[in-house]
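Enquirer: Quick one: this structure, given as structure tokens, is what I'll be asking you about.
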Amino acid sequence: MPRNRVFGTSIPTRKVIVERMVMGLLIACSTVAVLTTIGIVLSLVFESFLFFRKVPITDFLFGLQWSPQTAIRADQVGASGAFGAIPLLVGTALISAIALSVSGPVGLYAAIYIAEYASPRFRAVVKPALEVLAGIPTVVYGFFAALFVAPLLRQGGESIGLAVSSESALAAGLVMGVMTIPFVSSITDDAITAVPSALKEGALGMGATRSEMVRQVVLPAALPGIAGGMLLATSRVIGETMIVVMAAGLTANLTINPLEAVTTVTVQIVTLLTGDQEFDSAKTLSAFALGLLLFVVTLILNVIALKIVKTYREQYD
Amino acid sequence: MIEQVDTVKRQKRMADLRDKRHKAEVRFRRIGVAAVSVGLIFLTVLFGVVLASGLSAFKQTYVQIDVAVDAEGDNYQGMVKRGLREYFPEVKKRRDKRKLYALVSSEAPYRLKALVEENPGYRGKAVSLWVRAGADVDMFVKGEISRALPEDERRLKDRQIAWVDSLEDDGRVETRFNWHFFTSGDSREPELAGIAVAVLGSLFSLLVCLALSFPLGVLTAVYLEELATRNRWTDFIEVNINNLAAVPSIVFGLLGLAVFLNVFELPRSAPMVGGMVLALMTLPTIIITGRAALKAVPPSIREAALAVGASPLQAVFHHVLPLAMPGVLTGTIIGTARALGETAPLLMIGMVAFVVDLPETILSPATALPVQVFLWADSPERGFEERTAAAILILLAFTILMNLTAVLLRKKYEIRW
Amino acid sequence: MTSSGMEASPETQSGANVHVLDSAQPVAKMATEDLTVFYGDKPALHDINLEIEPHHVTALIGPSGCGKSTFIRCLNRMNDVVPGCRIEGQVKLDGEDIYASGQDVVQLRTRIGMVFQKPNPFPKSIYDNVAYGPKIHGMCANSEERDAIVLRSLDRAGLLDEVRDRLRAPGTSLSGGQQQRLCIARAIAVEPEIILMDEPCSALDPIATARIEELIAELKERYTIVIVTHSMQQAARLSQKTAYFHLGRLVEKGDTETVFGDPQDERTRDYVMGRIG
Ligand SMILES: Nc1ncnc2c1ncn2[C@@H]1O[C@H](COP(=O)(O)OP(=O)(O)O)[C@@H](O)[C@H]1O
Ligand SMILES: [Mg+2]
């Protein structure tokens, strides 16, 4: 205890001053995360606001045509381009759906197999191996999708008489699906190992087979956790950029045919902002409007997912 | 009697069902094996493809040419061309000559110039020097362009192949380890392009990222886990952090563009800005793993420190934090490894550029390893494909190295309380 | 220890180190022969030879960690689930080795039901909990039959009156004792021949315990029951046969009265007198 406290004075000692300063520093540090969020929201909202002064928000949200690149000179016809986001949203949804229809079942079954069937030795090898998939930079997946998977699909399609675009939604979606396998499988693994073994034994003791135990007892009990995980995976897939930039198309194409080229929200943000930009043009600003859209959608998914996962965790704690 | 018939019937039904259930069990198991295989096979093919197309980039073909150096004048390009023409006197047509000149890289004249400037005595004499082969020749010699292909489907024509063959017969073709790839910046010519700018850019960015995110992350973790009393504000910070961890990386890029570049007017393409953006992305990871590590330190340590008269701050910084450090470092390394592979946010702040010169400070323009991969992947030449894959190999090597370090660190210092 | 060549009657098989307090009847419902169990390399049970009489309650007692759970879980092959668990010797059900190759575990477990230490109803309705076994095994041809089985099982488990009007409520909404009776109802719904119970009352209060004990006494008429218990009084009240385990060995077995009244082995005596626990 500070010595002068003993003598009844209230002058803070050096130690106390230093401690207060350190405490202030700590509090300041902890606000950085909040400031980041505020920064994101403010910059996206501000630039989007500028954009919506040029292009009505309804045109943006419900327009069926996206061609911001049409204007070459400001005095040209159609200088403002078309900023209907629907084709981008559909493209994003299409690729995400393909990705999730790969990573959902594959991740789920892989996790089940590893948790319930695999021998300890097999598990010790395979689990980290699958996790490597999560550590590979996405640009590598993009390279692989563009160089290997897309041509493979094209040739495969040709051999059965199908026209597959070389920038098909399928190629990007499949590779993105594989990328998210470890994501889904590790969350599923957490969820099914959290199911008390008493329940599992209860089912087995009734003469259930292992698969019956998994399907009828473990999965229903683990469902909230898995659902939360799938939502996080969805948000991850929607926001994924490099794979689609490298393997999906650039031109907006309103279709749900996975063999055709579609473009996504993230692809457009990148193309709009990596070329020569004119400051304050609708074209540049539209990227921020897309960013805001992306942020809002993923935020909603994350909040719901985190909530589900949290309540689920508390249930078995 | 009737009951007995019923029992027999039921036994039969149950037995049949049991058969079906066992089959379903086998099926389920097979689906599981298939799912695991999908992941493993993909991983193998991915590494296989990258290795197969990338390893050749670590070798470079050199060709030995004889050049008669002019007594004066600086037309080194002319000298090189003349040397080639004299070696293959039968080449007469203009089109063929251009094909002939493509045997050596466009840097050959610079090589010659450097040589002559270093040794003025070579003026007026014939010299023999090794120069980098042109990209197509390089590919051909390394076996990446097949002779068996029809002529119009390959970039190296029959005639050029004949020339290469005759040079090889004369012992004038050699493949060497491609140091240049590691020491030079980008180039329009695949055989001259290197990853030095990208590696330095990544290094600078990660240093900035670490310098910001490590202290910020650790101090935040300490505050939230050890010192703050739980209230609405800390709950809000926590929710914030969890959500930031799941915000798409490109959104961080937009933040960097709007705030760091447009508001603060920091330079485009600078590793410093890249590092700042990456730091914001890495922060949640460090905070979350840091808190977990702090939580794992048993309360008895804190109580012991407090009992001998330490203030709460001293208890944390002298006793708890050092014990939690291995865990904190593990999380930091994993976060940094992830930051190393991030591409999208760097595209937003202009670290996607054609940079030839090595960056000298964190404010000089640079690219980053993953961005270089992205840039090269877009180039159609086979020579760039090879370099893309090679850059990926280096990127993966760093990533694996960092993750391995994290795993070993965790293993070594794992304490079971 | 008996040499593996000796295929003899139960009497001769029980080794010299086991005190047999009465001559076992020749027709045992289940019998283990030289059962040895390992977890990894560590043996948890050594050469157990025990016969389970039909329509009796057999109590397994002994200090904790002596292998009672391990033993009872061998009887319906629940140990198959435990990684690293390995078994030597034989476990016979009606004279047939249940560990022989070609034995169907799924079928085996319909014949031998199990009730666990902690009540573990599925997170489903009361009805679905009881109907689960009949459903997966295809025991009922139609829903009327299934309803009948569910009601009958709940009735036999003494739970029907308490839950008749809320069969659709989740099983987990019941009290601990009710949950355990629900688990018993769930087990008897598949009409097993044997019911294994591993400390079924250890998580329950005395009143609920008394209720389960009553139930077990009734169930004995229809089923063969093996029960692990920590409570000597419970074993004495409920069982006709008792086996005392000590450090992975079967030390004493026989009529309950004799084991408690006149134990032959010193270790049993100490335990029964409350000197080890
Ligand atoms: N899954 C397991 N892995 C390894 N050892 C185990 C396992 N289960 C039980 N054991 C060991 O086997 C011995 C017997 O345990 P158990 O059968 O549970 O005893 P009881 O039920 O009589 O208390 C104990 O020493 C215990 O540590
Ligand atoms: Mg036990």
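The values are calculated or read from the model by the stated rules, or taken from the named source; none is laboratory data. Predicted, not measured: the structure shown is a model, and the values here were computed from it. Ideal geometry is used to build each Cβ from the backbone, glycine not excepted, and the neighbour counts take in all protein chains shown. These accessible areas exclude ligands, DNA and RNA; they are computed on the full protein's heavy atoms, side chains included. Shrake-Rupley method; radii C 1.70, N 1.55, O 1.52, S 1.80 Å.
Enquirer: Using a Gaussian network model of chain B with C-alpha springs under 10 Å, which one of B:303, B:153, B:86 is most mobile by mean-square fluctuation?
Expert: B:153
Enquirer: Would you mind getting me the FRET efficiency between residue B:33 and residue A:280? Use the beta-carbon distance for r and R0 = 51 Å, nearest 0.05.
Expert: Details: r = 57 Å, r/R0 = 1.11.
For R0 = 51 Å, the calculated efficiency reads 0.35.
Enquirer: Label point 7 Å out from residue B:9 along Cα-to-Cβ: which residues of the range C:106-139 have amide N under 20 Å?
Expert: Flagged as within label range: C:134-139.
Enquirer: How many angstrom separate the Cα center of the range A:82-157 from the Cα center of the range B:115-148?
Expert: 45 Å
Enquirer: How far apart, in nm, are two points set 7 Å out from the Cα along the Cα-to-Cβ line at residue A:134 and at residue C:168?
Expert: 4.1 nm
Enquirer: Order C:61-70, A:49-58 from most to least packed using the mean count of other Cβ atoms within 10 Å.
Expert: Sorting C:61-70, A:49-58 by mean packing, highest first, produces C:61-70, A:49-58.
Enquirer: Related question: Quick check on the range B:2-55: what are the equivalent-ellipsoid semi-axes from the Cα gyration tensor, as sqrt(5λ), descending, whole Å?
Expert: For the range B:2-55, the ellipsoid semi-axes come out as 51, 5, 4 Å.
Enquirer: Could you give the alpha-carbon Rg of the range B:161-212 over 2.2 N^0.38 Å, rounded to two decimals?
Expert: Normalised by 2.2 N^0.38 Å, the Cα Rg of the range B:161-212 equals 1.82.
Enquirer: Right, another one. Set Lys and Arg Cβ to +1 and Asp and Glu Cβ to -1, take the dipole of the range A:52-181 about its Cα centre, and tell me which of A:161, A:119, A:141 lies farthest positive.
Expert: A:119
Enquirer: Can I ask one more? Ignoring ligands, DNA and RNA, how much accessible area is buried between chains A and B, both sides summed, with a 1.4 Å probe, to the nearest 100 Å²?
Expert: Accessible area lost upon association: around 6300 Å².
Enquirer: May I ask for the Rg/Rh ratio of the range C:63-217, computed from Cα atoms with Rh as the Kirkwood radius, given to two decimals?
Expert: Ratio of gyration radius to Kirkwood radius: 0.98.
Enquirer: Here is a follow-up. Please give the charge dipole size of chain C, origin at the Cα centre, charges +1 on K and R Cβ atoms and -1 on D and E Cβ atoms. Round to the nearest 20 debye.
Expert: With Lys and Arg at +1 and Asp and Glu at -1, about 980 debye.
Enquirer: Now, a different point. Kirkwood Rh over alpha-carbon pairs of the range B:196-413, then Stokes-Einstein at 20 °C and 1.002 mPa s: what D in µm² s⁻¹, rounded to an integer?
Expert: 115 µm²/s
Enquirer: At R0 = 56 Å, how high is the FRET efficiency between residue A:300 and residue B:123 if r is their beta carbon distance? Nearest 0.05 is fine.
Expert: Numbers: r = 74 Å, r/R0 = 1.32.
For R0 = 56 Å, the calculated efficiency reads 0.15.
Enquirer: Using r as the Cβ-Cβ distance of residue B:152 and residue B:114, and R0 as 41 Å, what FRET efficiency do you calculate, to the nearest 0.05?
Expert: 0.60
Enquirer: Oh, and also: Let me know the mean shielding of B:283-291 by other chains, meaning the per-residue number of their Cβ atoms within 10 Å of its Cβ. If you can, show how the numbers build up before the last one.
Expert: Numbers: counts 4, 2, 0, 0, 4, 0, 0, 0, 0.
Mean shielding by partner chains, rounded to a whole number: 1.
Enquirer: Over the alpha-carbon set of the protein assembly as shown, divide Rg by the Kirkwood Rh and report the Rg/Rh ratio to two decimals.
Expert: 1.09
Enquirer: Another one. Roughly how many whole Å is it from the C-alpha centroid of the range B:54-114 to that of the range A:257-296?
Expert: The range B:54-114 and the range A:257-296 have Cα centres separated by 46 Å.
Enquirer: Treat each spin label as a single point 7 Å out from the Cα along the C-beta direction, and report the residue B:405 to residue B:363 distance in nm.
Expert: It works out to 2.8 nm between the two label points.
Enquirer: Now, a different point. For the range B:240-272 and the range B:366-387, compute the distance between their C-alpha centroids and round to whole Å.
Expert: Taking the Cα centre of the range B:366-387 as reference, the centre of the range B:240-272 is 24 Å away.
Enquirer: 7 Å from Cα along Cα→Cβ at both residue B:166 and residue A:54: what's the point-to-point distance in nm?
Expert: Those two pseudo-labels are separated by 6.1 nm.
Enquirer: Of the accessible area of the range A:82-316, with the probe set at 1.4 angstrom, what percent is carbon plus sulfur?
Expert: 64 percent
Enquirer: How much mean residue ellipticity at 222 nm does the protein assembly as shown get from its helices, if each DSSP H run of length 4 or more adds -39500 (n - 2.57) and you divide by all residues, to the nearest 500 deg cm²/dmol?
Expert: Estimated from H runs of four or more residues: -18500 deg cm²/dmol.
Enquirer: Still on this structure: Helix by helix through chain B, keep the DSSP H runs that span 20 Å or more along the axis on Cα and average at least 1.6 on Kyte-Doolittle, and give those back in order.
Expert: B:196-222
Enquirer: Shifting gears a bit: Per residue, how much space in cubic angstrom lies within the convex hull of the C-alpha atoms of the range B:59-191?
Expert: Roughly 124 Å³ of hull volume per residue.
Enquirer: While we're here: I want to verify a result. In a Gaussian network model of chain C, Cα cutoff 10 Å, which of these has the top mean-square fluctuation: C:175, C:239, C:143?
Expert: Ranking C:175, C:239, C:143 by mean-square fluctuation puts C:143 first.
Enquirer: What do you reckon, how do A:103, B:37 stack up by accessible area (1.4 Å probe), largest on top? Don't skip to the end; give the middle numbers.
Expert: Details: A:103 0, B:37 40 Å².
Result, largest first: B:37, A:103.
Enquirer: Also, I was wondering about something else. Return an integer: the convex hull volume of the alpha-carbon atoms of chain B, in Å³ per residue.
Expert: Residue-normalised Cα hull volume stands at 291 Å³.
Enquirer: Given 20 °C and 1.002 mPa s, how large is the Stokes-Einstein diffusion coefficient of the range B:1-144 in µm²/s, with Rh as the Kirkwood radius over Cα pairs? Working shown, then result.
Expert: Working: Rh = 21.4 Å.
Here the translational diffusion coefficient equals 100 µm²/s.
Enquirer: Write down the Kirkwood hydrodynamic radius of the range A:82-316, to one decimal in angstroms, obtained as one divided by the mean of 1/r over all alpha carbon pairs.
Expert: Radius from the Kirkwood sum: 19.3 Å.
Enquirer: Which value, in square angstrom to the nearest 100, describes the accessible area buried between chains C and B on both sides, using a 1.4 angstrom probe?
Expert: That pair of chains buries around 900 Å² in total.
Enquirer: Here is a follow-up. At 1.4 Å probe size, what's the solvent-accessible area of residue C:212? Round to the nearest 10 Å².
Expert: Rounded to the nearest 10, that gives 0 Å².
Enquirer: Averaged over its residues, how many other protein chain Cβ atoms are within 10 Å of peptide A:112-118's Cβ atoms? Walk me through the numbers before you get to the answer.
Expert: Values: counts 6, 10, 3, 1, 4, 5, 4.
Partner-chain Cβ atoms within 10 Å, mean over residues of A:112-118: 5.
Enquirer: Oh, and also: Carbon and sulfur atoms: what percent of the 1.4 Å accessible area of the range B:196-413 do they account for?
Expert: Within the range B:196-413, the accessible surface is 67 percent carbon and sulfur.
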